[in-house]
Structure formats: structure tokens, C-alpha cells
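Inspection log for the structure reproduced underneath, given as C-alpha cells.
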Amino acid sequence: MRTLRPYLIAVAVTLPIVSMAQLASWCIAPEYDNVELMGSDLYRTEKDGVTSLWTLQGKKISDMTGSQLMPFSEGMAVVVDVTDPTLLKALIDSKGVMTDMSKYGYRINPDYPYYSDGYLLVQNQQDYVYLNKQGQSVFGPFAMAYPFSDGVASVRAYAGTDRNNKDLFWAYVSENFPSFPDDYKFDEVVFNSSFSGGKAVAIIGKDAYLLTLDSAMNVTTAPIYFSEVQDPQNLVTVTKKDLEGEWNNGTLTIQGKNSLLQFDKNLRPTAVKFMDAPNITFNETKGDSVKLATELEPFTDTNNKKGIKMDGTTFLSGQFEDVASCLGNQAIVTTKDGMKGVVRIDKDGGIQLRLNNDDNIGFSHRYAVVKLTGTFPSYMDVDKAILVSCSPDCEILSETRRETKNVECNTLSYDCRLEIPENLSDTLQNHDYFYALSYNGLTSVSHKVTIPEWYMQFYEVEFGKTAFKLNGQNSLNVDFELTKSDLAPADGSNYFKSVELVSKDSVSAPSLNKINENRYSFTLPVAGRDRANLAVRITEAGCPSIEYPFVINLSRNEGMSNVKMMNSGVAQNAKPMAQSQMPVASQPVQQPQQTVPAQPQQAVQPQQMAQPQQAVQPQTQQPVESAPAQMVNVEISTAS
């Protein structure tokens, strides 16, 4: 008996592709009312009155109650009393090293609680001093002082050791004191502002001067005119009465001749305004702004949720209410419940996702159950990890979850129920599945796992006969049986399926007659045919159809038909007569004697009498030929 199988599996260039999904985890869990990046080395969190400092690695280095940590500047920050925000309690550097300052009773400038140019301005009772980063007093005391700017600070100093407020003078202090012109009249200076963008305003005597400080700490001076005509009569002058000026909303304004001189709360010049000449404006001195290097950037999705991109590629989908400061591979985020934390992208480690241990997946029915495995770095806690299917044709069976932990790596695995792809054939072809990782409340974007798959078409079509002859029949009866090959699963189940006969040429296929669940027959008319291209199509519920194509070839042998002789209505077999057996005229043929009734004698006609008697010829039988009989050879073979 001849068996038809599906064609051999064609092994294309199909290899499993292991997905390497980078991980996201919490550097600082989202449990805080506020999280701030302090400089570029520390985080500050606040919750329930407790201020905490954290390293960038997520290690807590201090807890402070009843204290408030001011923003970092130049790697330093001040800690003040929460109930008295000007009282200095401690200094803290970017490594979290804290210096206790509570015993000194210093108070900070609430408008400028920062280090600038390496120094912090504090008030010590009625005087002002400058502290270095170790908390030591290095300049002062002064009757009045302003924060350093451009490496220089403007102060009102005591003329004597008795610190008499009635005996004061304006001056500058600096670690590297500026070089002034030789004719600069220090003893006549009645006002000098802080520097801003290398510019300052000084009043010497009663005349206003513009001071310019270069990078080498050299100072040049130039008088200020209220007119474009630089005439001594057009000098800006300030009377002693107007010298104290007027403060309004953090701006000091000094009235000058045909001019207004304006300064900010740190006594840095902001403008000199004139009635009949262009104003003089000043560029504010800004500290060295440090642009935080980062590979992350926030984005907003269509649901107005914030996500994170890494190097321009979406890494965490929209799941946050806000994404704030980004530093390196970290970002401060606000979760849906309003709590803040710091998320970290692990650039060096990642999770490997594998299906079926990277082996090809063969479907024997609609569903196949295979293992999905995620391999994590050993420092990742798999107890907090969940693998989520993003593919509709893959269902993760959560009840099969398995976890393994060791020093090298941790693994998390599930059984997955895969549904056979719609057009899967018996040829290996790659199929993509997508999975996301949910880790400790963070959900990654989906990651692709590619695996080669094929449809194990384990049925065989076994024909009762594949070669036989027809002698005069006008139709061909064919029967076949569906059997299972060695690829069939060992479950012994006979899954529901439909079986049909389809034509592969222009002639309609005959109908199938179902004998039992796995045995069928059909009748094929043979008149006018020399070939029939057909296929047995088997379709299991939910699966692609399987086709077993075959060809029926019909070849005919036509020859002379048997000749049947008819005699007296009786057909006999006859042979041609030889010439010697033919009767001749001189040999009358004797008729058999017959008894007949007496008849009246008739006159014999002369003509009849004159003719000689001829020999009676044997009665010739006409050959009767039947319809030509055809011998049809039939062969059933697998279609190529």
C-alpha cells in the first residue's frame, strides 16, 4: 500500500534570537513626599519630617529630623533648623560628610544660603564672617558683607579694632586681592558694589565710576557720564544724602545726577539708567553651571503619562505622573499615587529571555506548551519580577512560576501556551513573541523573542491500492485511510478535524464518502481523463490546513475487439472458411428430405426448365463487432 506524507521539512536559515532586555530598578523606592538631586552626587528625600541623604548608588547616609537641607552649591550644602531656617546646624559635602556647626550660633543669609567662590557668608551676632568649606572663619568680622561674586566680595569694614559702626569704610576682600590702578583713591570710596559679569560700580568722593575686572584680577576704572558727550559737567554724581539709597522688592536704587543706579539684593549692579543717554546694563555673574550628563530623556505618551527614553529609544513606557531631573542612567519620577523615587537603568546587566530553551518549536495541534525563561543578574531579586506576555498568541501560565537563585544568576521561568500561527507550514519559519518585564512596580517596554517554528503534520494518507487496471469501467473507486506517523504525540487522542478532497486543476473534485473517523473513499469519473491532480486536505480545529497532494494518472491501451458471429439469431464463434471448402456448381446440393402436404401441380415454365441448376451457396454470416473495449492503467502517486 502506498502512503502519502507531507513533504520533508525544509530547513531554512532560521535561528532563535535571544532577547537581551536591559533592566530598570529603583535606586530609591517611590516612598517619599519629595526627592531632589543635590548637586551631582547626592539625593535628598523628605518624608514625615525626616530629611535623608542618599548616594547615587541608593545608599542612605544620613537621616535628619528637625532639620532642613538647603540646595547644594559648589559641592556643599547647609543644614538649618526647621523651626528657625536661618540657624546654621551643619555643613555637608557631596560625599555626605557632615560638619556640626550648631555650637557657633551662626545664621545664614536666607536670600543666599549657598557657597559662592568657595565661601559661605554667615552672620555671627552683629558681625559677618565668611566660612570656608571646612567651616572655618577666614574673612571678617565685618559690619556688612555680601556674597562673593567673581572671586571678590563687597564689605563694609571696621576702621578700628573696637568695631565702631560709626567708623566704617567700603572695601573688597578676596583670596587673591585684585590689582587696582595706582591712582585709585581707596580712602575716598564711599560705596562699592559687588561685581557682576566682571563689572561693578564705585562712588569715589561723589563721582560714579565703572569698575572692570579681568581674568587676571586687574581692575580698570572709568567715569560714568549721563550724556554721550563726555564732559566733566556730565558726570554722574551722588550726594551724601542719596547715598544710602532705597530698597524696594530686593532692589536697591541710588539716585544720581540725571540717573538711577540699581543693584540686586546681593549688591550686584543691574542697570544704570539715564534720561538722555542709553542705559548701562550688566550681565549677571552665574556660577559654573554643570550640565548633568545623561542618556535619559522624558517623554509624554498619548495618555498624558510620562515615560523614559534611553539614547532616543523608549525604555520605560508611559507609567509616571512626572519625570524630573535625569542624571546619568537615573531619573527622579513621580508615580501614580503621587509618591517620588529614583529609577535606575542598568546599562551593564540585563535579562535574557528564552523560549523552549532556544530549540525549534513544533506544533502538533492548535496549542503547544513550552517554557519561557528569564535569566537575571544575581543582584536582582526575582521575587519582585514578573514576566508579562504582550503577544495575543502566547499565554503565560502564572501557576507554573518557578524561581531559582544562585551566586551567578537568578532565573524565573513559566510554562507558556502558544497558539499555532495562522499560516504555519511544515517548513521552519521564524515567529516573534513579545514580553515585558515588571520589576518592583516598573514595567519595561516589550522585548522581542524570535524562535523557529513548524507544523508537525503527522498524518499519513494510506491508499488501499495505488496501481490497478480498469477494463471497460467508466469510473474509478479509490479508498484511503488516515494514519499517524511517528511524529504523532503519544496522547492517543483523535482530535476533531475536517477532511475534504480538493482539486488542483480546473476539474471539480469528487465528494468524499466517510466510512469512519479515519477512513474515506471517493469515486472518480475516468471518461475523457488522463490525469487528475487532487489533494486530501485535513484541518484540525484552530489549525492551518494540511494538504497531501497526489496525482492519478490514467493510461489507455486500445486494440481490436473480439468478433462475435451471429447465426439464426445464435451468436457463435466462427473462423474464416478456406477456398476448398466452398460449394461448386457441378455438385448439387442435396436438400434434406422433407414431408410436405400435397400441392396442386403447376406447369413448368420453359425458361426455368432450360436453366441449369446452380449450386446453392452457403449462407454468409455478417460479422457483428462490439464497442471497442479499453484497458485503463491507473497509478496514484505523490504530487511533486
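If the condition is being part of a strand (DSSP E or B) and closer than 24 Å to Tyr184 by Cβ, then region 251-261 contributes Leu252, Ile254, Gly256, Ser259, Leu261.
Take Asp93 and decide whether it is touching a Ser or Thr at 6+ places or on another chain (Cβ under 9 Å) and in contact (Cβ under 8 Å) with a residue 40 or more places away in the chain. When the stated conditions are applied, Asp93 passes them.
In the set (1) closer than 22 Å to Tyr43 by Cα; (2) open to solvent by 20 Å² or more (accessible area, probe 1.4 Å); (3) of a type in the set (Gly, Ala, Ser); (4) outside any loop (DSSP other than H, G, I, E, B), Gly307 fails one condition alone, (2).
Kindly indicate whether any position in region 230-250 is open to solvent by less than 50 Å² (accessible area, probe 1.4 Å) and within 58 Å of the chain's Cα centre (by Cα). Yes. Selection of first residues in region 341-368 that are in a strand (DSSP E or B) and of second residues that are among the polar types (S, T, N, Q) and open to solvent by 60 Å² or more (accessible area, probe 1.4 Å), restricted to Cβ pairs under 7 Å at least 6 apart or on distinct chains, gives the following pairs, ordered by first then second residue: Ile345/Gln22; Asp346/Gln22; Lys347/Gln22; Gly350/Gln22.
Looking only at region 129-149, residues that are touching a strand residue (DSSP E or B) at 6+ places or on another chain (Cβ under 6 Å) and part of a loop (DSSP other than H, G, I, E, B) come to 7 in all.
Of all the residues in region 62-76, those that are assigned to a strand (DSSP E or B), closer than 18 Å to Asp111 by Cβ and in contact with an Asp or Glu (Cβ under 8 Å, 6 or more places away or on another chain) number 2.
Do you know which residues across region 325-371 are open to solvent by less than 40 Å² (accessible area, probe 1.4 Å), farther than 20 Å from Glu408 by Cβ and aliphatic (A, V, I, L, M)? Listed by number, the residues that qualify are Leu327, Ala331, Ile332, Val333, Val342, Val343, Ile345, Leu355, Ile361, Ala368, Val370.
Write out, first by first residue and then by second, each pair whose Cβ atoms fall under 8 Å of each other, whose residues are 6+ apart or on separate chains, and whose first residue, in region 134-152, is touching a residue at least 40 places away in the same chain (Cβ under 8 Å) while the second is among the aliphatic types (A, V, I, L, M) and open to solvent by 30 Å² or more (accessible area, probe 1.4 Å). From region 134-152, the pairs are Gly151/Met217.
Look at Thr99 and say whether it is outside any strand (DSSP E or B), closer than 30 Å to Met64 by Cα and either open to solvent by less than 60 Å² (accessible area, probe 1.4 Å) or modelled with pLDDT under 90 (or both).
So Thr99 fails the test.
In this structure, is Pro30 touching a strand residue (DSSP E or B) at 6+ places or on another chain (Cβ under 6 Å), within 29 Å of Tyr435 (Cβ to Cβ) and either modelled with pLDDT of 85 or more or open to solvent by less than 30 Å² (accessible area, probe 1.4 Å) (or both)? The answer is yes for Pro30.
Restricted to strands (runs of 3 or more DSSP E) entirely inside region 201-250, those with at least 2 residues that are in contact with a Phe, Trp or Tyr (Cβ under 8 Å, 6 or more places away or on another chain) and not polar (S, T, N, Q) are 207-213, 219-223.
Are any residues in region 36-90 under 27 Å from Ala24 (Cβ atoms), open to solvent by less than 10 Å² (accessible area, probe 1.4 Å) and of a type outside the set (S, T, N, Q), and if so, which ones? Within region 36-90, Met38, Leu42, Tyr43, Leu53 meet the criteria. When you look at Ala488, is it surrounded by 12 or more Cβ atoms within 10 Å (Cβ to Cβ), at pLDDT 90 or above, of a type in the set (Gly, Ala, Ser) and out of contact with any Gly (no Cβ under 6 Å at 6 or more places or on another chain), yes or no? In short, no. Scanning region 240-266 for residues that are closer than 15 Å to Ala200 by Cα and either charged (D, E, K, R) or in contact with a Pro (Cβ under 9 Å, 6 or more places away or on another chain) (or both) returns Leu261, Gln262, Phe263, Asp264, Lys265, Asn266.
Annotation: of all residues in region 510-529 being aliphatic (A, V, I, L, M) and modelled with pLDDT of 90 or more, the one that is least open to solvent (accessible area, probe 1.4 Å) is Leu524. Of all residues in region 108-121, exactly one satisfies the criterion of being over 24 Å from Gly198 (Cα atoms) and either modelled with pLDDT of 95 or more or open to solvent by less than 70 Å² (accessible area, probe 1.4 Å) (or both), namely Ile108.
The values are calculated or read from the model by the stated rules, or taken from the named source; none is laboratory data. Every value quoted in this text rests on a predicted model; they were computed, and no experiment measured them. Because the Cβ atoms are built from the backbone with ideal geometry, glycine has one as well, and the counts that use them run over all protein chains shown. Accessible surface areas use protein heavy atoms only, side chains included; no ligands, DNA or RNA. Shrake-Rupley method; radii C 1.70, N 1.55, O 1.52, S 1.80 Å.
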